[in-house]
Amino acid sequence: MKRRLYLAAGFTALALGSIGIFLPLLPTVPFMILAAFCFAKSSPALERRLTGDPRFGPHITAWREKGAVSRKGKIAASGAFGVSIALGFWLLMMPYTLIPIGVAIICLSWLWSRPNV
């Protein structure tokens, strides 16, 4: 039963990561890292396939070995948060406009504290 839940979660993360390839505000690599984790618990063959992928494998390996994120990924995430903050100012009323700023400060502080690949 547990194996099936991990397998379902892995495929869900893989689907969300695949959608993120085409939608700029939805992150791809974090979902692929999550999918690899779930597949490691449920299907070693799918995990090997994902970690062997030339696009995602190096990011997954860097995260697993060093907790590292690429500089390009950090910059992309910062840009996405910038867009979220701008949309918050445009679409939300005070004090709700402060929510995207607070989330960005917390998340980007953590992200930029990670080592570079």
Can you name the residue in the range 37-67 that is under 10 Å from residue 114 (Cβ atoms) and not small (Gly, Ala, Ser) and, of all such residues, is surrounded by the most Cβ atoms within 10 Å (Cβ to Cβ)? 63
Selection within the range 13-58 - within 26 Å of residue 79 (Cβ to Cβ), of a type outside the set (A, V, I, L, M, F, W, C) and assigned to a helix (DSSP H, G or I): 17, 18, 20, 30, 57, 58
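Residues checked against (1) at pLDDT 90 or above; (2) in contact with a Lys or Arg (Cβ under 8 Å, 6 or more places away or on another chain); (3) not assigned by TED's automatic domain parsing to the domain that holds residue 109:
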site	(1), (2), (3)
15	yes, no, yes
28	no, no, yes
41	yes, yes, yes
45	yes, no, yes
82	yes, no, no
91	yes, no, no
Hey, could you check the range 68-81 for residues that are in contact with a helix residue (DSSP H, G or I) (Cβ under 8 Å, 6 or more places away or on another chain) and over 18 Å from residue 33 (Cβ atoms) and say which is surrounded by the fewest Cβ atoms within 10 Å (Cβ to Cβ)? 78
On the given criteria, is residue 60 modelled with pLDDT of 90 or more, in the same structural domain as residue 23 (by TED's automatic domain parsing) and either over 14 Å from the mean Cα position of the chain (by Cα) or not hydroxyl-bearing (Ser, Thr, Tyr) (or both)? yes
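The values are calculated or read from the model by the stated rules, or taken from the named source; none is laboratory data. Note that the structure is predicted; figures quoted are calculated from it, not measured. Please note: Cβ atoms are built from the backbone with ideal geometry, for glycine as well, and neighbour counts cover all protein chains shown.
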